[in-house]
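First comes the structure, then the notes that go with it.
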Amino acid sequence: MLDPDVATTGAEPAYCPACQLRHTRRPDWLCPRCGMPVEPGVGPPRVARSPAEEPGFPAGARIAGAVLVVSGAALATAWARAPAAAQRGSVVAAAAVVVALGLGALLGGAFARWAAAFAAIAGAAVLAEDLVRVRLPGLLRDPVPPAARAVLRGLTNPLYPAKIAFTYAFVAGILLLVAGRPRRVRIAAGVLLALPLVVLQAFRAWKG
């Protein structure tokens with residue numbers, strides 16, 4: 001025996017204005033999907049979305065990619081032109097990874113987009129952890145091998161307070177750009193947050 005709630009009435013077509021579901025009318029005249037009242041008939045014709053209306057790769061992620069490319073290239077150039085330093089090779093290699101992630105996001109790669117976000121968060125966490133150990137060396141036992149810790153100190157010790165603030169602002173700006181589908185206000189905020197560090201690195205690369 002059929003359930004009266006789902007039994008059809010002469011196979012009469014119905015259309016739900018609330019959720020646009022086309023179905024066979026139920027005796028209670030309610031939509032089986034959303035429960036709202038339905039209308040008889042098949043409803044308005046479906047309108048195919050044009051390719052221009054299809055959601056594509058977020059513009060904010062592409063802008064973040066461009067910011068990463070410029071920032072990484074400036075950082076690599078500055079360190080490559082600097083006098084020989086123990087950590088120069090590590091910094092140039094890290095900058096090359098940043099440029100690669102930026103190019104991937106700029107070209108619409110979803111993996112590069114989220115990898116850039118993860119790298120920004122990881123970099124901020126590493127910087128915070130090392131700064132805490134510099135200020136409070138006896139607080140926790142250091143699990144990082146001495147050689148790796150020396151590399152981290154070589155990267156973080158040249159960061160004066162203003163540049164540390166710029167670094168965290170840069171991370172926040174990148175996250176604003178890559179998360180979700182940002183609109184103009186969030187894109188502008190992300191660019192403004194990331195801009196000081198990019199300008200500083202570009203000036204350092206130009207100055208040599």
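Structural remarks
- Each label was represented as a point 7 Å from its Cα along the Cα-to-Cβ direction; for A128 and W206 these points are 3.3 nm apart.
- Applying 1/(1 + (r/R0)^6) with r as the Cβ-Cβ distance of A18 and F57 and R0 = 25 angstrom yields a FRET efficiency of 0.20.
- With a simple spin-label model that places each label point 7 Å from the Cα along the Cα-to-Cβ direction, the separation between A188 and L107 comes to 3.3 nm.
Quick note: the coordinates plus some simple rules give every number you see, no bench work behind them. Quick caveat: nothing in here was measured; it's all calculated off a predicted structure. Heads up, the Cβs are rebuilt from the backbone with ideal geometry, glycines too, and the neighbour counts pull from every protein chain shown.
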